[in-house]
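The values are calculated or read from the model by the stated rules, or taken from the named source; none is laboratory data. Predicted model only: the values in this text are computed from it and were never measured. Neighbour counts are summed over all protein chains in view; Cβ atoms, including those assigned to glycine, are modelled from backbone coordinates with ideal geometry.
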Amino acid sequence: MEEKEILSNVPEEEVVTENVETAEDLHGENLNDRVRVLSPGMMVAKRFFRSKLSMVGLVMLIILFLFSFVGPMLSPWAESGEAIQDKNPGNEIVLADRIKYYTEEGDTVIAYEITVQQPTINKRGDLNSEHLLGTDDYGEDIFTNLMLGGRISLTIGFVVIILETLIGVILGGLAGYFGGWVDNLIMRIVDIISCIPTLPIMLILSATLTSLGILDISRLYYLMVVLTLIGWGGIARLVRGQILSLREQEFMLAAKCSGLSTSRKIFRHLLPNVMPQLIVSMTMGLGSIILMEATLGFLGLGAPLGTPTWGAMISAASKMEYLSGYPNFWIPPGICITLAILAFNFVGDGLRDAFDPKMKR
């Protein structure tokens, strides 16, 4: 009877039992040899990997990361992380104009003015072993640019979300724990940031950088800084709300009575309890940042000219010539952006359900 009572007090999904037919089978044996209680981390992993959508999202993310970060290393049209031109003479268009002119002595001389254009023979994306999606106006392989563009877009998303989380956790934790004027000051800053129109600010920033002559890859660094400064407010609100509800719990009263320092109470007791919500928020926010970068790239406000990003590649669709005649320019990056956002949303939904202690299935 005692063993049955012990088993009944343990939630069903936290217990992994071996084949036990009757209570008499446990008689005279150590209960711990037949019953294993799952740790919280194992419970979360079990719920997450049991979700089919989570697995689909995770597989999609792994494929996208391998495609973006490993693919360029295997491509013959990429060197040192940059796309190289196809300089095969067979892909060049040579135009020769015959010119007749007369010298001062009256002799007739015939010459040819030769114009060499960029390789465009594969521009329409004819399927072949060399260029799976064709080449662009600069003779660069579109498929290689697609891989390099994913590397930049995914990197921007991860850097921005990590910086947003650091700022949001620190300021939100201070606001929730201390309250009073500290809370009022930080929350008013968050209110001001939430009122800032993102797109006009990015337009002004792009015009300012262009006027200052900043046309290289450093434009991306300014883009990441601005996106971070605008986007940390939501995480700060989330952390503040969680800490306000946690700081009055029994374990925090015990920590206070134990004489622990403020930093130890915040970083060792409060923030670990906020991490599940933070992880879900970060996962869901990654898709939004990638979509924002793609939107800015489409408007020409993101990476400098010539830098392959998914958004910049889709901007080719703004020209009617490419929209109707060259779908290989903009459809593949659009598919990649859609898959990336779907994958992050699937993983975020799975993490949200996995961290929910009320979920049983």
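General remarks:
- Of all positions in the range 175-192, none carries a residue that is outside any loop (DSSP other than H, G, I, E, B), of a type outside the set (Phe, Trp, Tyr) and modelled with pLDDT under 85.
- There is at least one residue in the range 208-227 that is touching a residue at least 40 places away in the same chain (Cβ under 8 Å), farther than 26 Å from Ala340 by Cα and not in a helix (DSSP H, G or I).
- Contacts under 8 angstrom Cβ, first residue in the range 167-181 being closer than 24 Å to Leu227 by Cβ, partner among the hydroxyl-bearing types (Ser, Thr, Tyr) and in a helix (DSSP H, G or I), 6 or more apart: Ile167/Thr228
- Evaluated against (1) on the phi > 0 side of the Ramachandran plot; (2) part of a helix (DSSP H, G or I); (3) not polar (S, T, N, Q), Gly259 falls short on exactly one condition, (2).
- Failed criterion for Pro76 (all others in (1) part of a helix (DSSP H, G or I); (2) surrounded by fewer than 11 Cβ atoms within 10 Å (Cβ to Cβ); (3) modelled with pLDDT of 80 or more hold): (1)
- Within the range 42-62, residues that are assigned by TED's automatic domain parsing to the domain that holds Val347 have Cβ atoms under 8 Å from residues that are aromatic (Phe, Trp, Tyr) and surrounded by fewer than 17 Cβ atoms within 10 Å (Cβ to Cβ) in these pairs: Met55/Phe49, counting only partners at least 6 apart in sequence or on another chain.
- Hits in the range 316-345 (condition: among the hydroxyl-bearing types (Ser, Thr, Tyr) and over 30 Å from Lys52 (Cβ atoms)): Ser318, Tyr322, Ser324, Tyr326
- Single match in Thr144, Thr155, Thr165 (criterion: among the β-branched types (Val, Ile, Thr), surrounded by fewer than 17 Cβ atoms within 10 Å (Cβ to Cβ), at pLDDT 85 or above and in a helix (DSSP H, G or I)): Thr155
- Test: residue in the range 293-300 that is surrounded by fewer than 19 Cβ atoms within 10 Å (Cβ to Cβ), in the same structural domain as Ser218 (by TED's automatic domain parsing), closer than 30 Å to Gly213 by Cβ and not hydroxyl-bearing (Ser, Thr, Tyr): yes
- Hits in the range 38-68 - residues which are surrounded by fewer than 17 Cβ atoms within 10 Å (Cβ to Cβ), more than 23 Å from the chain's Cα centre (by Cα) and part of a helix (DSSP H, G or I): Pro40, Gly41, Met42, Lys46, Arg50
- Lone qualifier among Val160, Val239 - being among the aliphatic types (A, V, I, L, M) and closer than 24 Å to Ser68 by Cβ: Val160
- Boolean, Ile196 is closer than 25 Å to Leu278 by Cα, under 26 Å from the mean Cα position of the chain (by Cα) and without any contact (Cβ under 8 Å) to a residue 40 or more places away in the chain: yes
- Pro332 at pLDDT 80 or above, buried (at least 20 other Cβ atoms within 10 Å of the Cβ) and not in a helix (DSSP H, G or I): no
- Applying the criterion of being hydrophobic (A, V, I, L, M, F, W, C) and part of a loop (DSSP other than H, G, I, E, B) to the residues of the range 301-329, the residue that is surrounded by the fewest Cβ atoms within 10 Å (Cβ to Cβ) is Leu305.
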